[in-house]
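What follows draws every value from the coordinates through simple rules; no lab data is involved. Keep in mind that this is a model prediction, so the values were computed, not measured. No Cβ is skipped: glycine too gets one built from the backbone with ideal geometry, and neighbour counts run over all protein chains shown.
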Amino acid sequence: MSISLHTNYGDIKIELFCHEVPKTCKNFLALCASGYYDNTKFHRNIKGFAIQGGDPTNTGKGGESIYGKYFDDEFDSTLKHDKRGIVSMANKGKPNTNGSQFFITYSRQPHLNGVYPVFAK
């Protein structure tokens with residue numbers, strides 16, 4: 001399944017891995033459909049690494065999932081941070097702390113595998 005994120009700088013087409021990580025995709029799609037991400041900013045931009053968004057407070061400290069404050073990690077061994085454009089849940093750096101924030105990689109980031117759940121590209 002593909003969706004487009006509409007930004008001030010153009011659209012970003014995202015292909016979701018709904019079969020591999022259904023709970024994570026359901027969270028993202030439901031938040032999109034509800035308008036949760038409307039008027040949010042990419043609050044974090046690290047050259048050569050990633051851009052991060054999905055926080056309705058635009059501070060990097062907010063956001064909740066459709067399942068409550070957080071939801072558990074959902075990993076698929078075939079989904080890796082192996083190239084530019086991988087979309088993953090941003091979390092608190094601890095297991096099972098996924099909310100609404102996500103990031104898109106600028107390059108291959110293998111050290112993120114098994115820590116941040118990949119759900120799209």
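Considering the stretch 27-53, and only residues there that are part of a helix (DSSP H, G or I) and touching a Phe, Trp or Tyr at 6+ places or on another chain (Cβ under 7 Å), the residue that is surrounded by the fewest Cβ atoms within 10 Å (Cβ to Cβ) turns out to be L31.
Rundown of residues vs (1) touching a residue at least 60 places away in the same chain (Cβ under 8 Å); (2) out of contact with any Phe, Trp or Tyr (no Cβ under 8 Å at 6 or more places or on another chain); (3) over 23 Å from S4 (Cα atoms), yes/no style:
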{"position": "D55", "(1), (2), (3)": "no, yes, no"}
{"position": "M89", "(1), (2), (3)": "yes, no, no"}
{"position": "G93", "(1), (2), (3)": "no, yes, yes"}
{"position": "V118", "(1), (2), (3)": "yes, no, no"}
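The selection criterion, being surrounded by 19 or more Cβ atoms within 10 Å (Cβ to Cβ), in contact (Cβ under 8 Å) with a residue 40 or more places away in the chain and among the hydroxyl-bearing types (S, T, Y), does not hold for T78. The residues listed here are P95, P56; of these, the one that is surrounded by fewer than 21 Cβ atoms within 10 Å (Cβ to Cβ) and touching an Asp or Glu at 6+ places or on another chain (Cβ under 7 Å) is P95. Taking the conditions exactly as written (of a type in the set (D, E) and closer than 23 Å to I12 by Cβ), does D73 satisfy them or not? For D73, the condition - of a type in the set (D, E) and closer than 23 Å to I12 by Cβ - is not met. Checking I66, I51 one by one, the residue that is touching a helix residue (DSSP H, G or I) at 6+ places or on another chain (Cβ under 9 Å), touching a residue at least 40 places away in the same chain (Cβ under 8 Å) and of a type outside the set (S, T, Y) is I66 and no other.
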